[in-house]
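Q: The structure under discussion is supplied below as structure tokens; questions concerning it will follow.
The values are calculated or read from the model by the stated rules, or taken from the named source; none is laboratory data. The shown structure was predicted, so the numbers you read here are calculated from the model rather than taken from an experiment. Reconstructed Cβ throughout: ideal geometry from the backbone, glycine too, with neighbour counts over all protein chains shown. To get the accessible areas, we keep the full protein, side chains included, count just its heavy atoms, and leave off ligands, DNA and RNA. Shrake-Rupley method; radii C 1.70, N 1.55, O 1.52, S 1.80 Å.
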Amino acid sequence: MITRTIYIPDGKDVLKKLPLIHHLEAPYLYYPITNQRCPEGETCVVFGQFVKVGEVIGTRKGAFFEQPIHSTVSGEVVGHEMKFDASGKRVNCMIVKNDFKYELHESVKTRTDEEIDKLTKEDYVNITKEAGLVGLGGSGFPTYIKLNTKNKIDIILANGVECEPKLISDYEVMMESPDELIRGLIYAMKAVGAPKGVIAVKKRYVELVERIRFSLNSYTEYDIKVVPVGNHYPQGWELEAIEAATGIKVPQFKLPADYGIIPFNVSTLQSIYHAVKFNLPVLERYFVLSGDGVVNKSFKARIGTPIQSLIQLAGGYVDKAVPKTLIMGGPMMGSNVTNDDIVTTHTATSLIVQNSLLLNEDPCIHCASCVYSCPVQIQPVQIMNAVKANDKDFLKALSVNKCIECGLCSFVCPSKIHLTDYMREGKRILRG
């Protein structure tokens, strides 16, 4: 009998044991002028200009917001070059030659606790806007827009579930910097006037739950608690994490803020701490190399670091004669890229390199595994057929836009059909 599949191997236990390499020595840093949410952008520096850590060097432009680009090192602006970003798109990047002095820009300044206590909601919105903070869980959505809500907010949720296999960045943040996470959560609570904070963590991570609870002993004046949630996939999906951690059920396509809650990724909350306390943008991110096609290593690297240099530092590729499959992000929701000429960005935390195994798709056997396992209860096979027929009306009737692209339908398919690709194509057909 076919049953629902929600527990999948995640490969994290081995990766969490890897020694962390703090890599600051990249000689050149590359900053994409556009990204997945901002199709346009411009620079505000010239070739030969000296820039400092935290200095604005350009602006990305989205449909309804702008996002400053900051230098993460001090050095000289030396040109432009095309590179790949985390989404697999080839983008124009500004290049800064690292002088290895890491001189801070004059805008980087430490605020006292007394100064922070006096900050208004407008101040928090402006600080996060000027720091260019975005959702670091992968969404890339501007943080200041979330904080600028007009709704009454009761709870700020720190989402630390990180249910995607092979990803350990959020785990590293919570283990290494729990106080920074908590302080960022407190700042977010103050910004929107939320009386409660909830930190959602997988219940299997007993050591993580205990570490955060121990750190919370220093913040007893705030109503913040850790809530262990399910170990299944996709427990980290925003709406599922909210319901599991708080009991609040937010319907799909509705804003959580309309229900009195705002969710933030734990790494995003850490970035709020750095922005409010030190006026710093995101400078570094944890990044892990995994898979059987590369030497596995865990890094903490500056935004703008070429991933090729991390691969070399790790020890290079394994079985170089064998073709490789490169995946930016996790194996379920990540992007396949065709080249390793990629740079680390705010939302890039993992590169999986697999020795390619060519698998031919078999015909659908109508087992319904994809239907039983779908967390939003749509019918992937029917959507695949509608895509092949280019039937817009049928795609709309099948609610293809409900798909969260979790990848479970592809994972469970015994015929090895790439169903998630059909879900994405179905959405594109409707948009067209």
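Q: Mind ranking 344-352, 375-383, 128-136, 317-325 by how tightly packed they are, going by the mean number of other C-beta atoms within 10 angstrom, highest first?
A: Working: 344-352: 25.1, 375-383: 18.8, 128-136: 23.1, 317-325: 13.0.
Packing proxy ranking, top to bottom: 344-352, 128-136, 375-383, 317-325.
Q: Using all C-alpha to C-alpha distances in segment 71-149, build P(r) with 5 Å bins and read off the rounded percent in each one.
A: 3, 11, 13, 16, 19, 18, 11, 7, 2, 0
Q: Expected output is a single nm value to one decimal: the length gained when fully extending between I21 and K152, i.e. 0.36 nm times separation in residues minus the C-alpha distance. What is it?
A: Values: separation 131, 0.36 × 131 = 47.16 nm, distance 4.25 nm.
Answer, rounded to one decimal: 42.9 nm.
Q: Accessible area per residue for segment 277-371 in Å², computed with a 1.4 Å probe and the full protein assembly in place, what is it? Don't skip to the end; give the middle numbers.
A: Numbers: 3940 Å² over 95 residues.
Ligands and nucleic acids excluded, the figure is 41 Å² per residue.
Q: Please work out the Cα center distance from segment 345-369 to segment 84-113, rounded to the nearest Å.
A: The two parts, judged by their Cα centres, are 33 Å apart.
Q: A follow-up question, please. Only residues of segment 181-217 count here: report those whose backbone N is under 12 Å from the spot 7 Å along Cα→Cβ of D123, or say none.
A: It comes to 191, nothing else.
Q: Antiparallel DSSP bridges in the chain: what percent, to the nearest 5? If you can, show how the numbers build up before the last one.
A: Working: 42 of 68 bridges.
Beta bridges within the chain, antiparallel portion: roughly 60 percent.
Q: Evaluate E = 1/(1 + (r/R0)^6) for F100 and D341, where r is the Cβ-Cβ distance and R0 equals 25 Å; express this FRET efficiency to the nearest 0.05. Before the final figure, lay out the partial values.
A: Working: r = 23 Å, r/R0 = 0.93.
Efficiency computed from Cβ-Cβ geometry: 0.60.
Q: If I stretch the segment between I145 and K320 completely, what's the gain in nm (0.36 nm per residue apart, minus their alpha carbon distance), one decimal? Intermediate values should be presented prior to the final figure.
A: Working: separation 175, 0.36 × 175 = 63.00 nm, distance 4.53 nm.
Full-extension gain reported as 58.5 nm.
Q: As an exercise, identify the trypsin sites (Lys or Arg not before Pro) in segment 1-107 lying in DSSP coil whose Cβ has no more than 12 other Cβ atoms within 10 Å. Please list the in-between numbers first.
A: Working: sites: R4, K12, K16, K17, R37, K52, R60, K61, K83, K89, R90, K97, K101; in loops: R4, K17, R37, K52, K89, K101.
Those that pass, being in a loop and sparsely packed, are K17, K101.
Q: Under a 10 Å cutoff between Cα atoms, tell me which one of N296, N217, N92 has the largest fluctuation in the Gaussian network model of the chain.
A: Sorting by GNM fluctuation, first place goes to N217.
Q: Round to the nearest 10 and report in Å² the accessible area of E240, as given by a 1.4 Å probe over the protein chains' heavy atoms.
A: Approximately 40 Å² for this residue.
Q: Let me ask you something else. So how strong a dipole does segment 274-385 carry about its Cα centre when Lys and Arg Cβ are +1 and Asp and Glu Cβ are -1, to the nearest 20 debye? Write down the numbers at each step before the final one.
A: Working: 7 positive and 7 negative charges, 113 e Å.
Result for segment 274-385 is approximately 540 debye, rounded to the nearest 20.
Q: Given a 10 angstrom Cα cut-off, can you work out which residue in V73, V125, V288 is the most mobile in a GNM of the chain?
A: Of V73, V125, V288, the Gaussian network model singles out V125 as fluctuating most.
Q: Return the carbon/sulfur percentage of the accessible area of segment 30-121, one whole number, probe 1.4 Å, all protein chains in place.
A: Working: 2360 of 4730 Å².
Ligands and nucleic acids excluded, carbon and sulfur reach 50 percent.
Q: Of the heavy-atom accessible surface of segment 290-432 (probe 1.4 angstrom), what whole percent is carbon and sulfur? Please list the in-between numbers first.
A: On the way: 3350 of 6680 Å².
The nonpolar share, carbon plus sulfur, comes to 50 percent.
Q: Along the Cα-to-Cβ line of S356, 7 Å from the Cα, sits a label point; which residues in segment 305-330 have backbone N less than 18 Å from it?
A: Only 317-328 pass the distance filter.
Q: At a 4.7 angstrom Cβ threshold, list every cysteine in the chain that has nobody to pair with, or say none.
A: C38, C44, C93, C163, C364, C367, C374, C403, C406, C413
Q: Something else: When Rg is the radius of gyration of the Cα atoms in segment 71-114 and Rh is its Kirkwood radius, what does Rg/Rh come to? Write down the numbers at each step before the final one.
A: Numbers: Rg = 15.1 Å, Rh = 12.9 Å.
My calculation puts Rg/Rh at 1.17.
Q: Just the accessible area per residue of segment 98-222, please: how many Å² with a 1.4 Å probe? It would help to have the intermediate numbers written out before the result.
A: On the way: 5700 Å² over 125 residues.
Normalised by residue count, the accessible surface of segment 98-222 is 46 Å².
Q: What is the Cα centroid distance between segment 1-50 and segment 281-323, reported in whole angstrom?
A: Cα centroid of segment 1-50 versus Cα centroid of segment 281-323: 10 Å apart.
Q: Quick one: give the max-minus-min coordinate of the C-alpha atoms of segment 116-256 along each principal axis, largest first, in Å.
A: 39, 37, 27
Q: Stretch K203-M175 to full length: gain in nm at 0.36 nm per residue minus the Cα-Cα span?
A: Details: separation 28, 0.36 × 28 = 10.08 nm, distance 1.47 nm.
Contour length minus the Cα-Cα distance gives 8.6 nm.
Q: How many angstrom separate the Cα center of segment 372-432 from the Cα center of segment 225-252?
A: So the two Cα centres are separated by 24 Å.
Q: While we're looking at this one, here's another question. Which translational diffusion coefficient, to the nearest whole µm²/s, is obtained for segment 3-84 from the Stokes-Einstein equation, given a Kirkwood hydrodynamic radius over C-alpha pairs, 10 °C and 1.306 mPa s? Mind showing how you got there, number by number?
A: Numbers: Rh = 15.9 Å.
In µm²/s, the coefficient is 100.
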